[in-house]
Amino acid sequence: MKKKIDWRLPVIVLLALLLILEVADMYRLTHGGGGQPLPILMYHHFADESKSGTVVTPASFREQMSALREAGYEAVNVSQVIGFVREGTPLPEKPVLITMDDGYGSNLTIAAPILEETGMRATVFVIGINEGEEYYVHSGEPMWQHRFAFEEAAPWVEKGIIDVQSHTFDMHQLESYGYSGRDGVRRIPGESDSEYRSALLADAEAFRRRREGRVATELLALAYPFGYYDLEADEVMKEAGYQLTVTIDERINWLHAGDEGCLRMMGRFNVTDCDSGEELVDRLNQYFSTPVLSKNH
Ligand SMILES: [Zn+2]
């Protein structure tokens with residue numbers, strides 16, 4: 001008589017193994033396989049009144065910064081992040097990179113004093129062609145909000161509270177604006193590989209020249225306008241000297257010393273006037289599994 005094989009046990013074992021692998025994979029995705037989590041926050045303009053969430057009031061910003069500080073977060077600059085990845089220079093236990101896009105004067109008049117008061121720092125991504133201008137160069141229209149000149153930022157740069165990096169020279173354009181014919185750094189339909197590459201490199205060079213000798217820190221980072229990016233554009237920007245690039249994709253970053261790939265096309269969390277300090281801390285804390293004990297304990 002043939003012995004009947006009972007397949008139930010092997011099937012259960014196999015399913016259990018698959019489940020373990022799946023959980024491990026989920027853990028790797030959310031915890032970066034033991035890498036250093038680096039949340040990057042994104043702000044824009046600050047004003048006493050906020051009609052839209054993207055404009056943040058001094059009261060909200062102060063509350064958000066104080067909450068992060070009390071929860072053990074330490075604001076870092078791009079040079080520290082690069083130093084960790086390239087040289088293994090240690091980062092604070094709970095680092096956060098605070099960024100502000102477009103170069104609004106309010107970053108200096110409203111945000112910088114609050115950063116100083118709360119012991120934080122931020123990196124501003126400036127649109128080169130708008131720097132220190134009162135009118136848009138292409139249209140001649142008066143600018144929506146003052147864009148600071150590099151010299152205005154100098155006292156804050158000196159204190160280490162503000163760093164100034166690139167938001168491209170003149171690629172903060174949409175095709176629909178009718179000036180550049182392209183959306184951000186995207187390729188114009190029909191543009192050849194070499195034309196496209198030259199256009200990106202020329203823009204990077206124009207930014208570098210405008211900033212040269214006017215900002216005390218090294219030019220290291222680029223924020224893609226409107227969050228438009230792809231691998232090809234990022235390769236060219238790497239060649240142009242940008243060691244760290246950021247997008248507007250809402251995700252955490254996992255840093256691994258020795259792996260420069262983790263510095264490219266990084267995610268950022270948009271922070272609005274509606275986010276309470278507590279919500280912001282909760283949002284970031286999920287990535288830091290080890291609790292940081294406060295000094296009182
Ligand atoms: Zn922008």
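Since every read-out is calculated from the coordinates, none of them should be taken as a lab result. Computed from a prediction, not measured in an experiment: that's the story for all the values here. With ideal geometry, Cβ positions are generated from the backbone for all residues, glycine too; neighbour counts draw on all protein chains shown.
For Val124, the amide hydrogen comes within under 5 Å of the amide hydrogens of Met100, Asp163, Val164, Gln165, counting only partners 5 or more places away or on other chains and with H modelled in the peptide plane.
Shown here: segment 64-117, whose C-alpha atoms stretch 35, 26, 14 Å along the first, second and third principal axes, sorted largest to smallest.
Placing +1 on the Cβ of every Lys and Arg and -1 on the Cβ of every Asp and Glu, with nothing else charged, gives segment 119-204 a dipole about its Cα centre of roughly 280 debye.
Structural size metrics of segment 229-295, computed from C-alpha coordinates, are Rg and Dmax of 15.3, 47 Å.
Screening the chain for whole DSSP H helices with an alpha carbon extent of at least 30 angstrom along the helix axis and a mean Kyte-Doolittle hydropathy of at least 1.0 yields 8-31. Evaluated with a Cβ-only charge set (Lys, Arg +1; Asp, Glu -1), the chain carries a dipole of roughly 1380 debye about its Cα centre, given to the nearest 20. Computed about its Cα centre, the charge dipole of segment 178-297 is approximately 420 debye, with only Lys, Arg, Asp and Glu carrying charge at their Cβ.
Over the chain, Cα pairs under 8 Å with separation of 6+ residues give a relative contact order of 23 percent. Dividing the C-alpha radius of gyration of segment 126-213 by 2.2 N^0.38 Å, with N its residue count, gives 1.21.
Shown for segment 174-241 is the translational diffusion coefficient from the Stokes-Einstein equation, using the Kirkwood radius over Cα pairs, a temperature of 10 °C and a viscosity of 1.306 mPa s: 123 µm²/s. Ignoring aspartates and glutamates fewer than eight residues from Lys51 along the same chain, the ones with Cα atoms less than 16 angstrom from its Cα are Asp273, Asp275. Site pair Ala154 and Tyr228 shows an inter-label distance of 3.5 nm when each label is modelled 7 Å from Cα along Cα→Cβ.
As a rough footprinting exposure proxy, the listed residues Trp144, Trp156, Trp254 were ranked by other beta carbons within 10 Å of their own, and the order from fewest upward is Trp144, Trp254, Trp156. Can you tell me how segment 87-178 classifies by the Cα gyration tensor, rounded, prolate or oblate, using a/c under 1.5 as the rounded cut? Cα axes put segment 87-178 in the prolate bin. Amide H contacts of Tyr136 (H built 1.01 Å from N, in plane; Pro and chain starts excluded): Glu141, Met143 sit under 5 Å, all sequence-distant by 5 or more or on other chains. Extent along the principal axes, Cα only, for segment 35-285: 51, 44, 32 Å, with the longest axis given first.
Model label sites at Ala59 and Cys274, defined 7 Å from Cα along the beta-carbon direction, differ in position by 1.8 nm.
Residues considered: Met143, Met237, Met265. Largest GNM mean-square fluctuation over the chain, using C-alpha springs under 10 Å, is found at Met143. Based on DSSP H segments of at least four residues, each scored -39500 (n - 2.57), the chain has a per-residue ellipticity at 222 nm of -10500 deg cm²/dmol.
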